[in-house]
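The values are calculated or read from the model by the stated rules, or taken from the named source; none is laboratory data. Since this is a predicted model, take the numbers as computed values, not measurements. Cβ placement follows ideal geometry from the backbone for every residue including glycine, while neighbour counts extend to all protein chains displayed. Side chains included, ligands, DNA and RNA excluded: accessible areas come from the protein's heavy atoms. Shrake-Rupley method; radii C 1.70, N 1.55, O 1.52, S 1.80 Å.
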Amino acid sequence: VGINDVSPLPNAFKLDQNFPNPFNPETVIRFSLPTADYARLEVFNSLGESVALLAEGPTAAGTHSVRFDASKLVSGIYFCRLATSTGILTGKMTLLK
């Protein structure tokens with residue numbers, strides 16, 4: 001798992017819809033930070049249990065993408081949560097096997 005810089009500085013804190021969605025078994029999650037910040041990107045199952053920590057730590061300003069491999073998880077609805085000092089954003093993802 002790695003974070004890849006995608007484009008120049010965005011003007012808003014944003015968590016994009018993962019692509020593709022529904023997915024099997026991999027998807028890409030993009031998020032944007034207008035300023036450098038501590039970021040935590042985590043995936044939860046429908047019971048609210050953490051199933052993957054995709055990124056955590058100081059993150060540069062910009063748009064970033066993270067590949068999520070769910071090959072060891074069961075089909076269902078998952079939630080991706082991006083937490084920074086700016087706030088928390090959550091997106092819904094569907095894994096179909």
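General remarks:
- Across the chain, C-alpha contacts under 8 Å between residues 6 or more apart give a mean separation that, scaled by the residue count, equals a relative contact order of 35 percent.
- Whole-number accessible area per residue in Å² for the chain, which is evaluated in the context of all protein chains at 1.4 Å: 56 Å²
- The portion of the accessible surface of the chain made up by carbon and sulfur, rounded to a whole percent, is 55 (1.4 Å probe; DNA, RNA and ligands excluded).
- Residue among Leu15, Leu33, Leu73 with the largest mean-square fluctuation in a Gaussian network model of the chain, springs linking Cα atoms under 10 Å: Leu73
- Shape analysis of the chain yields a ratio of the Cα radius of gyration to the Kirkwood radius, Rg/Rh, of 0.96.
- Between Ala12 and Leu73, the modelled label-to-label distance comes to 2.5 nm, taking each label 7 Å out from Cα in the direction of the beta carbon.
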